[in-house]
Structure formats: structure tokens, C-alpha cells
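Every read-out reported here was derived from the displayed coordinates using simple, explicitly stated rules and does not represent laboratory data. Just so it is clear, the model here is predicted, and its values are computed rather than measured. Reconstructed Cβ throughout: ideal geometry from the backbone, glycine too, with neighbour counts over all protein chains shown.
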Amino acid sequence: MTEGANNGEGNVVNKFSKDNCIFCKEALLEVGKKTEYGAVIIYKVGSTKKDGWFAILSPRTGGDPKSDFSIQIVPFGHLTNFSQIDAYPELARNYGIIFSKVSSAVGVVIKDELPDGEERVPIGTYGKCKHLDEHIHIKIFPWRNDIGQPFTTDSSFQRKEIFKDAEEEFVKMKPVRKAGLKRERFDQLSEKLISLLK
Ligand SMILES: [Zn+2]
């Protein structure tokens with residue numbers, strides 16, 4: 001695991017980018033506190049860089065801001081690849097706990113707000129390891145509207161009609177535009193998620 005270094009002012013310096021690592025800083029916040037960009041910490045499990053994870057509700061969504069939202073699960077430690085989780089059994093165990101608890105809370109929120117007659121509770125996740133200057137993170141969100149389009153690993157993505165221009169083949173997707181949740185909606189949502197995750 002790569003640990004951030006302290007720059008002498010209490011801020012954790014990212015080993016790779018040499019900038020302050022926002023995730024290392026956010027890991028220190030208590031549940032209910034807001035990050036610099038307005039996300040809220042909704043759940044934490046574990047207490048050290050070798051066993052801890054936190055979940056944050058984002059102030060923005062690529063779906064419909066009236067109904068959709070996005071949560072990120074992030075390790076306290078400066079992990080840059082999913083394969084590193086395997087080196088720390090408690091971190092692996094707590095990942096299972098935070099993933100299942102957050103998924104369950106997201107399911108309750110979706111279910112409570114479903115239109116009459118709708119029974120499906122669509123939840124999507126997304127995560128990748130690519131950058132060396134950030135923590136791995138897994139996004140959990142209602143899988144619907146523009147953010148819930150078939151993903152490259154889905155058979156339904158492969159079944160899309162293929163178009164061709166002079167340079168390449170391509171398929172059509174709807175554009176995703178991130179929008180902020182209204183203050184009232186965001187506060188109500190974060191309070192509900194925090195209470196469901198207690
Ligand atoms: Zn970090």
C-alpha cells in the first residue's frame with residue numbers, strides 16, 4: 001500500500017501527483033460531514049488505512065437529479081489497484097460489509113420512490129483501476145435514465161446497431177450530463193442514507 005506523506009501542515013501529500021490527496025483527507029471526516037466539493041460522508045467501516053472504507057454521497061448525478069444519485073466507496077488507504085485489497089484480510093472483509101450495506105440502503109431509497117406498479121429496483125456499480133494518483137473507488141447508483149445505458153460488458157451493448165463513418169465503426173449512446181442535486185433533495189437523501197446505514 002502506498003501511504004501519503006505529511007507535508008508539515010497537516011495535509012496528506014499524494015506520493016504520485018505531489019498534490020494534496022482529497023481522498024486521504026476525506027477519510028478523516030466523520031459521518032455527516034461535507035467534503036470540499038460538497039459530498040457528504042454517509043458511512044465508515046474500519047479505522048485504519050489497512051482496514052477502513054468510507055462511502056460518500058456525491059452532490060451531482062449523471063442521471064435525473066430529481067430521482068437519481070451516486071455514492072462512492074473509497075478505501076482510507078492510498079490504494080491504486082483493486083488487486084491490493086487482497087493483501088489485507090480485514091480490508092477485504094470490510095469491503096464486503098460496506099458494499100452490501102450501501103447497496104441495501106440504495107435499494108431501500110429506490111424502492112420507497114418507485115412509481116406505482118414498478119417493481120424493479122435497478123442498481124448499477126462501476127469501478128476501475130487506472131490512475132496512480134487516486135484511490136480506487138466503486139460507484140453505486142440507480143441504474144436508469146441516461147446513466148443506466150448498456151455498458152461495454154453487457155450483451156445488450158454488443159447488440160446495439162453498428163454505424164460507420166470514414167474513420168471507424170461506432171454505436172449510439174445518449175450523452176450524459178452531470179447535474180447537481182437540489183439542496184433540499186440532497187440533504188433529505190443524505191439524512192435518509194445515514195440513518196439506514198446506522
Ligand atoms: Zn490518498
Could you work out the helix-only [θ] at 222 nm for the chain, with each DSSP H run of four or more residues adding -39,500 (n - 2.57) and the total divided by the number of residues, to the nearest 500 deg cm²/dmol? -7500 deg cm²/dmol
Residue-span extension gain [GLU30 to THR152] - 0.36 nm each, minus C-alpha spacing: 40.3 nm
Report the dimensions of the chain along its three principal axes from the alpha-carbon atoms, largest first, rounded to Å. 54, 45, 31
Less than 10 Å Cβ to Cβ from GLU36, Lys/Arg counted +1 and Asp/Glu -1: what total charge do the surrounding residues give? +1
Calculate the FRET efficiency for LYS164 and HIS131 from the Cβ-Cβ distance with a Förster distance of 35 Å, rounded to the nearest 0.05. 0.60
In nm, to one decimal, how far is the modelled label at VAL176 from the one at ARG120, with both set 7 Å along Cα→Cβ? 1.8
Set LYS130/LYS198; LYS50/LYS198; LYS34/LYS66; LYS25/LYS139 screened for pairs whose C-alpha atoms are more than 26 Å apart: LYS130/LYS198
Using the basic label-point model (7 angstrom from Cα toward the beta carbon), what is the SER47 to GLU184 distance in nanometres? 4.1
For GLU191 and PHE82, extending 7 Å from Cα along the Cα-Cβ vector and measuring point to point gives, in nm, a value of 3.6
